[in-house]
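Worksheet for the structure shown next.
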Amino acid sequence: MEDIVEIEKLSWDGYFDEGLANIREIKLEKCWLLRRDYDEGGVSGIIVGPSRSGKTTFIANLVRSIMKNNPDELIFWRGIARCQWTYFKLEKVRLLLSTFQTYEWGDKDREGLVEIADYVAEVRDCTSARDFLDNAKPGYVNVFYMPNWQQLDFLLALSSRLNKRWITVVMDEVQEIVPPNTRKPLCDWIAAYCNTVGQLAKNQISYICATQSYPQVDYQLRAHMLYWVFMPHARVPSKGFLIKQGPLLTLPKGWCIIEGKEGFRRIHFYPCKHHADLVVHIRSVEAMEHEEAAPVPAAAGPADSMLQNR
Ligand SMILES: Nc1ncnc2c1ncn2[C@@H]1O[C@H](COP(=O)(O)OP(=O)(O)O)[C@@H](O)[C@H]1O
Ligand SMILES: [Mg+2]
């Protein structure tokens with residue numbers, strides 16, 4: 001048993017095999033996802049890797065670099081039940097909460113529910129997709145919680161803004177929004193959503209998403225991604241990539257491999273401090289009204305609940 005631990009340590013503790021050492025390194029600050037060029041427009045990227053491989057940490061590193069080097073850029077971060085935006089200093093977080101949902105916040109280090117306004121820089125209620133844009137501020141991580149159906153309207157509102165400010169939208173766990181193999185009417189919605197993602201670059205909007213494995217995400221979204229970032233042990237698609245599966249098996253924690261039109265490079269990134277251990281229980285206002293009338297069976301998956309919301 002002890003031997004197993006030793007072997008694991010060896011592969012995760014910064015050990016590089018010869019093949020990996022041959023892959024050129026690029027510093028995180030020079031990562032292609034951070035390029036801002038009006039001719040080329042916004043960039044898009046998908047981060048893939050198993051749970052706990054460092055996806056959210058890597059994106060948090062990117063966001064930190066943007067906040068430092070492009071202080072005017074607006075950063076949006078999709079909030080999920082496990083509030084991983086606590087990787088940022090909480091005084092740098094603004095929460096934009098859709099009024100179509102209710103939120104019960106908990107702190108794993110404290111008993112009972114907590115007032116979220118005591119934790120973050122600001123909390124704003126938003127009803128229309130446009131409200132999310134109007135309530136966001138540069139210099140902060142603008143964390144948005146909204147029902148899935150509103151995500152498309154949100155991207156459209158960002159695209160039709162009347163200025164050239166750079167925007168980054170971070171969509172962690174993106175498979176919840178664009179699952180594969182859906183049927184009508186959801187597949188039509190997903191096609192429209194992915195098409196809109198494809199148009200964001202023209203409007204100086206970067207779109208960075210993450211998921212545990214690429215088949216969990218609709219192919220139309222994958223097709224629009226200019227850059228792919230593979231975490232240790234990520235599955236690499238068998239066709240269309242220069243990087244092969246092998247190096248991902250020995251890549252140590254804290255490293256990833258990015259591939260795009262420039263080729264591929266390895267990137268090192270650092271762990272982030274957790275500033276709180278928050279969770280949120282979200283319910284749609286509509287579902288609550290249903291529940292009051294008659295109990296709803298608990299089995300609705302993400303796709304079903306999306307349809308329900310529409
Ligand atoms: N560069 C790193 N070095 C050491 N530990 C890391 C690094 N990046 C992430 N971790 C740790 O790994 C765990 C999972 O990271 P996370 O980014 O949440 O993974 P994922 O989003 O892929 O599930 C966290 O506890 C985090 O602190
Ligand atoms: Mg994560």
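Data table
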read-out: Unique match (being within 16 Å of ligand 1 (Cβ to nearest atom), modelled with pLDDT of 95 or more and of a type in the set (S, T, N, Q)) among Gln175, Gln151; value: Gln175
read-out: Output for the stretch 28-46, where each listed residue is within 17 Å of the chain's Cα centre (by Cα) and part of a strand (DSSP E or B); value: Ser44, Gly45, Ile46
read-out: Residue within the stretch 109-132 that is on the phi > 0 side of the Ramachandran plot and over 21 Å from the mean Cα position of the chain (by Cα) present; value: yes
read-out: Those residues of the stretch 200-217 which are under 12 Å from Ala234 (Cβ atoms), under 13 Å from the mean Cα position of the chain (by Cα) and of a type in the set (S, T, N, Q), in sequence order; value: Thr211, Gln212
read-out: Count - residues of the stretch 86-100 that are closer than 17 Å to Val279 by Cβ and touching a Ser or Thr at 6+ places or on another chain (Cβ under 9 Å); value: 2
read-out: Of all residues making up the stretch 74-95, the number that are farther than 10 Å from Val141 by Cα and either assigned to a helix (DSSP H, G or I) or away from ligand 1 (no atom under 16 Å from the Cβ) (or both); value: 3
read-out: Breaking point among (1) more than 17 Å from Ile208 (Cβ to Cβ); (2) outside any loop (DSSP other than H, G, I, E, B), for Gln175; value: (1)
read-out: Which listed residue is without any contact (Cβ under 8 Å) to a residue 12 or more places away in the chain and away from ligand 2 (no atom under 16 Å from the Cβ), from Asp131, Asp118, Asp109, Asp125; value: Asp118
read-out: Considering residues of the stretch 260-276 that are more than 13 Å from Ser65 (Cβ to Cβ) and not in a strand (DSSP E or B) only, the residue nearest to ligand 1 (Cβ to nearest atom); value: Pro271
read-out: Residue in the stretch 14-23 that is away from ligand 1 (no atom under 16 Å from the Cβ), at pLDDT 95 or above and in a helix (DSSP H, G or I) present; value: no
read-out: Test: residue in the stretch 47-68 that is at pLDDT below 95 and among the small types (Gly, Ala, Ser); value: no
read-out: Qualifying position, being over 22 Å from Leu278 (Cα atoms), surrounded by fewer than 19 Cβ atoms within 10 Å (Cβ to Cβ) and out of contact with any strand residue (DSSP E or B) (no Cβ under 9 Å at 6 or more places or on another chain), among Glu73, Glu111, Glu40; value: Glu40
read-out: Residues located in the stretch 16-35, provided they are in contact (Cβ under 8 Å) with a residue 40 or more places away in the chain and over 16 Å from Glu262 (Cβ atoms); value: Phe16, Asp17, Gly19, Leu20
read-out: Single residue of the stretch 52-106 satisfying the filter (of a type in the set (Val, Ile, Thr) and more than 20 Å from Gln175 (Cβ to Cβ)) that is farthest from ligand 2 (Cβ to nearest atom); value: Thr99
read-out: Out of Lys239, Lys253, sole residue that is more than 16 Å from ligand 2 (Cβ to nearest atom), among the basic types (Lys, Arg) and in a loop (DSSP other than H, G, I, E, B); value: Lys239
read-out: Cross-chain or 6+ apart pairs with Cβ under 6 Å, the stretch 37-63 first and within 13 Å of ligand 1 (Cβ to nearest atom), then among the small types (Gly, Ala, Ser); value: Ile47/Ala210; Val48/Ala234; Gly49/Ala234; Lys55/Gly49; Lys55/Ala210
read-out: Among (1) within 16 Å of ligand 2 (Cβ to nearest atom); (2) in contact with a strand residue (DSSP E or B) (Cβ under 7 Å, 6 or more places away or on another chain) - the single one Lys273 does not satisfy; value: (2)
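The values are calculated or read from the model by the stated rules, or taken from the named source; none is laboratory data. All of these numbers come straight from a predicted model, not from anything done at the bench. Heads up, the Cβs are rebuilt from the backbone with ideal geometry, glycines too, and the neighbour counts pull from every protein chain shown.
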